[in-house]
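Here's the structure, in structure tokens; my notes come after.
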Amino acid sequence: MIESGLVYQLQRAVTEILETNLNHQVQPNEVLVNVTSKNFEGDYTIVIFPYVKALRMSPADIGERLGKALQEKLDYIVSFNLVKGFLNVEISDKEWQSQLNTIFKAKDTFGKHTSTGKKVMVEFSSPNTNKPLHLGHIRNILLGWSMSQILEEAGNEVVKTQIVNDRGIAVCKSMMAWSNYGNGETPTSSGIKGDHFVGKYYVIFNQKLKEEYTNWQQSADAKAVFEEKGKEGQSEVDFFNHYKNDYFNIHSTIGKETKEMLIKWEDNDKGVKDLWHKMNSWVYEGFEQTYKDLEVHFDKLYYESDTYLLGKEVVEQGLSSSLFYKEPDGSIWVDLEDVGLDKKLILRSDGTSVYITQDIGTAQMRHADFKMDSMVYVVGNEQDYHFKALFETLKKLGEPYASDLFHLSYGMVDLPTGKMKSREGTVVDADDLVKEVIDEARSAAKENGSLDDIPVNEQEEIFKRIGLAALKYFMIKINPKKRMTFDPKESVDMQGQTGPYIQNAYVRIASILRKASSLEKVDYSTYKSIEEAEKNLIIDILDYPYIILDSAKNYDPSSVANYAYNVAKDFHRFYHDVRILTAETDEAKAFRLTLIESVSAILERSMNLLGIQMPSRM
RNA sequence: GGCUCCGUAGCUCAACUGGAUAGAGUACCUGACUACGGAUCAGGAGGUUGAAGGUUCGAACCCUUCCGGAGUCACCA
């Protein structure tokens, strides 16, 4: 695709000239071609500084020779000028028309990348089954989903997956609380969505634990612990704040019960397993609804309950190839110091596996299932170190996909009031948030009354698309690596650089095209005076395949989000600068109608990659 | 303390991975079409890119040191 584009033609022409005229070799994609900055004459700019040293000529000399040769070689270059080491070339109006023709004829195949033949697995979301999804999951889900779409657009086959953390002590806490205090209540009987229902019992558990802990602190037992383990000069209050985990593990009655429940679960105790199945199924119903509301889905689910014992064979394999080693206490380790990391535990001294063991096992299982060439893990940046260690270990083990693993690490989502903390109830719930943004879209639309003439169910669909666009765009436009502040007020903004702004451009075009009824098939090749605003839009569209490639290469959906905004912005300006339906000539009208139809297609495709649907009205 | 990431306009973010005079949005001020949809457009003001050195024709980006913030250094997941 790229190979047929205007920019590539320039790059290739430059390499050919450099080679034949100046005997200097470069690869076409190394030639730096930018859109000319608006303070200078020209359309595209070739940066010639890189050749100065090798050719031992002045930038002016190289530029002059390059410019002349380019003009001879490519008949659509009408002029060129040289500013310092920058060669600006101007493209003919005829060529712009021909470019638009190509774009328009290609329709949805424009910018499609040829298949890379590679299969990529993307893991995202991966929630625990003891509480509902929150704001942090939303960032994860939106990143994972958009990244999957973009990788596909870049020519890969993509398998979307998640690992459901459906077992462990946290899950047992909810189960414990429900069996002690639930009195047979169910999501149906209480009218509470399943995941919220189970989450409620997780909260109850923590309340009960806290009560128990507070009471215990008055006991002689507690005083003795403080005497023995408290640091010099540490207050009792401070000590007990930090002792919480130990209390749960050593002294707590309900802690003990919960741990016993986990052991029973591992022993396949029927009563515990039945309870576990029942409560997890409630949670899954709830998750299913949230995913549906967010318009995402998965191709394959993995469950931790199936994978938590995996990876032990690997340990044998690693030991026999002396990749791993055994400590006297029986624990097994891998030494990653040669790649700048530490020694990492692979198997506990009691023979049970740890997180990384499971991840190795899961990766192997996935490869057996799908034979993927690479994997992307969408996981928060607090696990940066873990994934480095995991990837290095997989490399050492010689796994076939190990050279192509990526941790799409993203920053935490903060609230303007600070960090989200479940204990302090400052967590933003995913379902609440979705509902809120849709409400906001509804009231904005009701205010300007533009949708009053269509059926209510269609209105609701549009409100949903607008609200979700605001939320999704707000979160995806930020570079994943950055820690972000989530201001609920800003997330429902619909003016400026927002999802609805981009939708508005699309809706305007749809409205014009409806009025134009039939795209009159006037031949616009006689349209001579291409406007600046028109040219900008064509340049934007031509940029699409590069943006996709760039976004896929850098694992960064935000570049697609920013691109879509730029296109919409250029369209809005164009819309004010020129008239479309009442254009000066029939040629101009036909040209512009063709142009905006192409713009609307590219807007829709870009936004769909981000998981955002376009409304036809708003 | 070691390692990793981050620091750009009052605020939220860009900057084609080393390219021209660092751009948008928001908030503030001033304007625009008797309309192809005002969820729009134009203008103004707002910057020593955390600081200081260095490399380079050229640095927000690379190197060094320092300052500030976060994460991580569990036989937790």
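For the reader, a short list of remarks on this structure follows.
- Each residue in region A:568-588 was checked for being surrounded by fewer than 23 Cβ atoms within 10 Å (Cβ to Cβ) and closer than 13 Å to A:Thr498 by Cα, and 1 of them qualify.
- Given (1) buried (at least 17 other Cβ atoms within 10 Å of the Cβ); (2) near RNA strand B (Cβ under 9 Å from one of its atoms); (3) closer than 28 Å to A:Lys515 by Cα; (4) not small (Gly, Ala, Ser), number of the condition A:Asp556 does not satisfy: (3)
- Yes/no for A:Leu336 being of a type outside the set (Phe, Trp, Tyr) and more than 9 Å from RNA strand B (Cβ to nearest atom): yes
- Meets criteria (under 30 Å from A:Tyr284 (Cβ atoms) and hydrophobic (A, V, I, L, M, F, W, C)) for A:Ile250: no
- Selection status of A:Glu440, more than 8 Å from RNA strand B (Cβ to nearest atom), surrounded by fewer than 17 Cβ atoms within 10 Å (Cβ to Cβ) and not in a loop (DSSP other than H, G, I, E, B): no
- Tally, over region A:596-617, of residues that are open to solvent by less than 50 Å² (accessible area, probe 1.4 Å), touching a helix residue (DSSP H, G or I) at 6+ places or on another chain (Cβ under 6 Å) and either under 21 Å from A:Ile476 (Cα atoms) or of a type outside the set (S, T, N, Q) (or both): 13
- Every pair of residues 6+ apart whose Cβ atoms lie under 7 Å, when the first sits in region A:303-326 and is at positive phi while the second is open to solvent by less than 20 Å² (accessible area, probe 1.4 Å) and not in a loop (DSSP other than H, G, I, E, B): A:Gly311/A:Ser353; A:Gly311/A:Thr357; A:Gly311/A:Ile360; A:Gly311/A:Gly361
- Those helices (runs of 4 or more DSSP H) of region A:36-126 in which 3 or more residues are open to solvent by less than 20 Å² (accessible area, probe 1.4 Å) occupy A:59-73, A:93-106.
- Any pair with Cβ under 7 angstrom, 6 or more apart, that starts in region A:64-86 at a residue that is under 23 Å from A:Asn39 (Cβ atoms) and ends at one that is part of a loop (DSSP other than H, G, I, E, B) and among the aromatic types (Phe, Trp, Tyr): A:Val83/A:Phe40
- Selection status of A:Phe248, in contact with a Leu (Cβ under 9 Å, 6 or more places away or on another chain), part of a helix (DSSP H, G or I) and surrounded by 11 or more Cβ atoms within 10 Å (Cβ to Cβ): yes
- A:Phe591 vs. criteria crowded, with 20+ Cβ neighbours inside 10 Å and within 9 Å of RNA strand B (Cβ to nearest atom): no
- Residues in region A:299-317 that are in contact with a helix residue (DSSP H, G or I) (Cβ under 8 Å, 6 or more places away or on another chain) and surrounded by 15 or more Cβ atoms within 10 Å (Cβ to Cβ): A:Tyr302, A:Glu304, A:Thr307, A:Tyr308, A:Leu310, A:Gly311, A:Lys312, A:Val314, A:Val315.
Conditions (1) under 30 Å from A:Val283 (Cβ atoms); (2) hydrophobic (A, V, I, L, M, F, W, C); (3) modelled with pLDDT under 90, marked per residue:
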residue: A:Gly425; (1), (2), (3): yes, no, yes
residue: A:Ala441; (1), (2), (3): yes, yes, no
residue: A:Gly467; (1), (2), (3): yes, no, no
residue: A:Arg483; (1), (2), (3): yes, no, yes
residue: A:Thr498; (1), (2), (3): no, no, no
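- Here is the figure for region A:1-35: residues that are in contact (Cβ under 8 Å) with a residue 60 or more places away in the chain, aliphatic (A, V, I, L, M) and outside any helix (DSSP H, G or I) total 2.
- Test result for A:Glu236, modelled with pLDDT under 90, open to solvent by less than 80 Å² (accessible area, probe 1.4 Å) and over 36 Å from the mean Cα position of the chain (by Cα): yes
- Members of region A:357-375 that are away from RNA strand B (no atom under 16 Å from the Cβ) and of a type in the set (Asp, Glu): A:Asp369, A:Asp373
- Of all residue pairs spaced 6 or more apart or on separate chains, those with beta-carbon atoms under 9 Å, a first member in region A:481-493 that is closer than 17 Å to A:Ala469 by Cβ and a second member that is within 7 Å of RNA strand B (Cβ to nearest atom) and among the small types (Gly, Ala, Ser) are A:Val492/A:Ala441; A:Val492/A:Ala444.
- Restricting attention to region A:163-190, the residues that are open to solvent by 50 Å² or more (accessible area, probe 1.4 Å), under 35 Å from the mean Cα position of the chain (by Cα) and modelled with pLDDT of 95 or more add up to 1.
- Selection of first residues in region A:125-146 that are free of Cβ contacts under 8 Å to residues at least 60 places away in the same chain and of second residues that are open to solvent by 10 Å² or more (accessible area, probe 1.4 Å) and among the aliphatic types (A, V, I, L, M), restricted to Cβ pairs under 6 Å at least 6 apart or on distinct chains, gives the following pairs, ordered by first then second residue: A:Asn128/A:Ala170.
- Per the listing A:Thr258, A:Thr214, the residue uniquely within 30 Å of A:Asp429 (Cβ to Cβ) and loosely packed, with under 12 Cβ neighbours inside 10 Å is A:Thr214.
- Being closer than 30 Å to A:Lys482 by Cα, open to solvent by 10 Å² or more (accessible area, probe 1.4 Å), within 16 Å of RNA strand B (Cβ to nearest atom) and aliphatic (A, V, I, L, M) holds for only one residue in A:Val378, A:Val354, and it is A:Val354.
- Test: A:Leu209 is crowded, with 20+ Cβ neighbours inside 10 Å and more than 16 Å from RNA strand B (Cβ to nearest atom): yes
The values are calculated or read from the model by the stated rules, or taken from the named source; none is laboratory data. Everything numeric here is computed off the predicted structure, so don't read it as measured data. As a convention, Cβ positions derive from the backbone with ideal geometry for all residues, glycine included, and neighbour counts pool all protein chains shown. Note: accessible area is taken over every heavy atom of the protein model, side chains too, but ligands, DNA and RNA are not part of it. Shrake-Rupley method; radii C 1.70, N 1.55, O 1.52, S 1.80 Å.
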